[in-house]
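K.L.:
Just passing along the structure, written as structure tokens.
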Amino acid sequence: MAPAVVRVDKGLYRLSGGRVALMSMTGLPDLTLTVVGRRSGQPRSVPLLGVPHGTGWLVAGSNWGGDTMPAWATNLDAAGEAIVTRRGRDTPMSARRAHGSERDELWAVMLRTWPNFARYAERTTREIPVFVLTPSGSSVPHRRPTT
């Protein structure tokens, strides 16, 4: 069902101007991450569960426990920056992958918000990356894509 959930979430996001997503309806902290594709050079957006952390966010490249890294995570590794859209606002973010003991500590923070991340980790042999997103500029009203 994961692909269907993502499709519906993307549709709600577009129709609401970045204000509504399925996760927000459940009470989970959600965001839409837009990162430039490492090969295409085009912005790619994906709805994610985001865990508030300091002034920014944590996101996990879980891919629902799949054995491959989600494309957005590989793109984020390459770009080191992204836009987070939440509640109709876009915020530029710097992005970095957490490693070692920092990753372990942040993983525990993420599990407190969404315990099912542990299930995803059980489904795969890869270590699920945790990304730290930190604001790098001012928040502005969300702009709908022109394409």
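The values are calculated or read from the model by the stated rules, or taken from the named source; none is laboratory data. Everything numeric in this text was worked out from a predicted model, so none of it was measured. Because the Cβ atoms are built from the backbone with ideal geometry, glycine has one as well, and the counts that use them run over all protein chains shown.
K.L.:
Give the residue, chosen from 82, 95, 121, that is part of a helix (DSSP H, G or I), of a type outside the set (Asp, Glu) and either touching a helix residue (DSSP H, G or I) at 6+ places or on another chain (Cβ under 7 Å) or in contact (Cβ under 8 Å) with a residue 24 or more places away in the chain (or both).
P.N.:
Testing whether each residue is part of a helix (DSSP H, G or I), of a type outside the set (Asp, Glu) and either touching a helix residue (DSSP H, G or I) at 6+ places or on another chain (Cβ under 7 Å) or in contact (Cβ under 8 Å) with a residue 24 or more places away in the chain (or both) leaves just 121.
K.L.:
While we're looking at this one, here's another question. Can you tell me which of 64, 57 is at positive phi and either in a helix (DSSP H, G or I) or within 13 Å of the chain's Cα centre (by Cα) (or both)?
P.N.:
64
K.L.:
If you don't mind, another one. Determine which single condition residue 85 fails, assuming it passes every other condition in (1) modelled with pLDDT of 95 or more; (2) touching a His at 6+ places or on another chain (Cβ under 6 Å); (3) not small (Gly, Ala, Ser).
P.N.:
If we test residue 85 against (1) modelled with pLDDT of 95 or more; (2) touching a His at 6+ places or on another chain (Cβ under 6 Å); (3) not small (Gly, Ala, Ser), just (1) comes out false.
K.L.:
When you check residue 138 against the structure, is it in contact with a helix residue (DSSP H, G or I) (Cβ under 9 Å, 6 or more places away or on another chain) and of a type in the set (Ser, Thr, Tyr), yes or no?
P.N.:
In short, no.
K.L.:
Of the residues 132, 109, which single one is β-branched (Val, Ile, Thr), crowded, with 16+ Cβ neighbours inside 10 Å and either farther than 22 Å from residue 67 by Cα or touching a strand residue (DSSP E or B) at 6+ places or on another chain (Cβ under 6 Å) (or both)?
P.N.:
Answer to the selection: 132.
K.L.:
When the residues of the range 90-131 are narrowed to those that are in contact with a Phe, Trp or Tyr (Cβ under 8 Å, 6 or more places away or on another chain) and aliphatic (A, V, I, L, M), which ends up farthest from residue 62 (Cα to Cα)?
P.N.:
Within the range 90-131, the match that is farthest from residue 62 (Cα to Cα) is 93.
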